[in-house]
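The values are calculated or read from the model by the stated rules, or taken from the named source; none is laboratory data. Nothing here was measured: the structure is a model prediction, and the numbers come from that model. Glycine gets a Cβ as well: all are built from the backbone with ideal geometry, and neighbour counts include every protein chain shown.
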Amino acid sequence: MLKTSRIFLFILTITVLLIPTTLAYPINVTDNFGCTVTIEKTPTRIVSLSPCNTEILFAVGAGDRVVGGTIYDTYPPEAANISKIGGFSTVNLEAVVNLSPDLVLAEYGNGEDTVNTLKNLNLTVVSLHPKTMDDILDNIRLVGNITGNADTAASLTANMTQQISDITGVTEDIPDSRKPRVLYIVWHDPMYAVGTGSYCDDLIRMAGGINIVEAEGWPVISIEDVVDKNPQIIICSGMGGGSYTIMEAITGNQVLAQTDAVKNNKVYPIDDPNTIERAGPRIVQGLAELHGYIAPEIQPEEIESPTPDTSSTPGFGMILALSMILLVYSRRRL
């Protein structure tokens, strides 16, 4: 009888540990589009409409409930086995509906029409659109909350925040005059670059650099502008090995050869752009990689020559007076 009770207690303990912990359902959340969404119960069938959403779902512990994702979902490896609902901007609405999801995790790039159509089909849709690193952390907590994994999400974001602080604690007080000029491009013809108002711009700043692109979003920039801004570091980021194609195009361009980055061999290809460009948990790896390229180019702090302490030494006037006295004394003796 005692042995049976112990087995029952063990099973009960394991069961409790496996039950997601969150606020009592139903809960109301506000997504990145400013829409209030009611989550009636713990989602058990989740469809993700973007690769970074899928990464977040797995990272917070809800991966086993993801029943659908895009053809671009490659991380973690288990995501490759999930039923596919089309591409990022080419969502197959019928495929989504056929999976009978009780939660659809969408993203800005899916398109407003897609999101609205899914809502009109009475599906529960939460949309994400992070613009900063803080937004990414907030979204991980949001996904953890609505999936019943708030504790896991809190632990994950705390760890990410510490990794971010380890780097920004070194770079945040460095004046702009000492920071290297950085160009981050995702294609070379035409040249698409990271602009302001994006989390990739945040990464450059946190890593200790200055983004030479002042336009917002992911603008096309001219070679002439690049030469004029003269980046000291050029980061090349292209999917599917494209980073090396971009790097070769940049280093082989006779006009761009005038830039400090090309002259000094500071043109770097990113092996896995997803760690930088996907707004998920691996973004801290991307930050660390960028910091590794930028940190060596940060100018050392100028040390001013110490000013001699003359408070205890005779002034020029006193020295002159003493010299005159000695001169007069010596003439009298003669």
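Of all residues in the stretch 150-184 being among the β-branched types (V, I, T) and within 16 Å of the chain's Cα centre (by Cα), which is surrounded by the most Cβ atoms within 10 Å (Cβ to Cβ)?
Going residue by residue through the stretch 150-184, those that are among the β-branched types (V, I, T) are 152, 157, 161, 164, 167-168, 170-171, 174, 182.
Next cut, within 16 Å of the chain's Cα centre (by Cα) only: 157, 161, 164, 167-168, 171, 182.
Working: T157: 20, T161: 14, I164: 20, I167: 21, T168: 17, T171: 17, V182: 28.
Among those that are among the β-branched types (V, I, T) and within 16 Å of the chain's Cα centre (by Cα), it is V182.
Results for (1) modelled with pLDDT of 95 or more; (2) more than 19 Å from L203 (Cα to Cα); (3) in contact with a His (Cβ under 6 Å, 6 or more places away or on another chain), shown as yes or no for each residue.
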position: I223; (1), (2), (3): yes, yes, no
position: M239; (1), (2), (3): no, no, no
position: S243; (1), (2), (3): yes, no, no
position: G252; (1), (2), (3): yes, yes, no
position: V267; (1), (2), (3): yes, no, no
position: T275; (1), (2), (3): yes, no, no
position: I303; (1), (2), (3): no, yes, no
position: L326; (1), (2), (3): no, yes, no
position: R333; (1), (2), (3): no, yes, no
